[in-house]
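One structure below.
FYI, it's all coordinate maths here, none of it is from the lab. Quantities reported herein were computed from a predicted structural model and do not represent experimental measurements. Counting neighbours? That spans all protein chains shown, and the Cβs are built from the backbone with ideal geometry, glycine included.
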Amino acid sequence: MFITNAEIHIYMPKANITPELKAIWMNKLNTVNPKIKFEIKALEDFIQ
């Protein structure tokens with residue numbers, strides 16, 4: 001078995017996610033390792 005793709009999901013409160021914050025984080029994360037797919041998501045979308 002070979003793993004060829006990596007994906008990391010980052011969850012935080014919806015109130016903390018702003019377009020500016022998301023852009024800064026995504027730019028930094030993609031600079032650190034462009035082969036990993038990063039996603040930033042709101043906790044409220046998954047917790048009821």
Checklist outcome for this item: Sorted by chain and then number, the residues having a modelled amide H within less than 5 Å of the amide H of Lys41, at least 5 places away or on another chain, are Ile10, Tyr11, Met12
Checklist outcome for this item: Rounded to whole Å, √(5λ) for the Cα gyration tensor eigenvalues of the chain, largest first, gives 23, 16, 5
Item to check | Computed label-point distance, nm, for sites Ala6 and Glu20 using a 7 Å Cα→Cβ extension | outcome: 3.1 nm
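When you count, for each residue, the other Cβ atoms within 10 Å and take the mean per peptide, how do 6-14, 22-30 rank with the highest first?
Descending packing order for the listed peptides: 22-30, 6-14.
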Next on the checklist: Taking θ = phi - 60°, what integer Hz values does the Karplus form 6.51 cos²θ - 1.76 cosθ + 1.60 yield along region 8-24, in sequence order, with x for Gly and Pro?
Outcome noted: 10, 9, 10, 10, 8, x, 4, 5, 8, 8, 10, x, 5, 4, 4, 5, 4
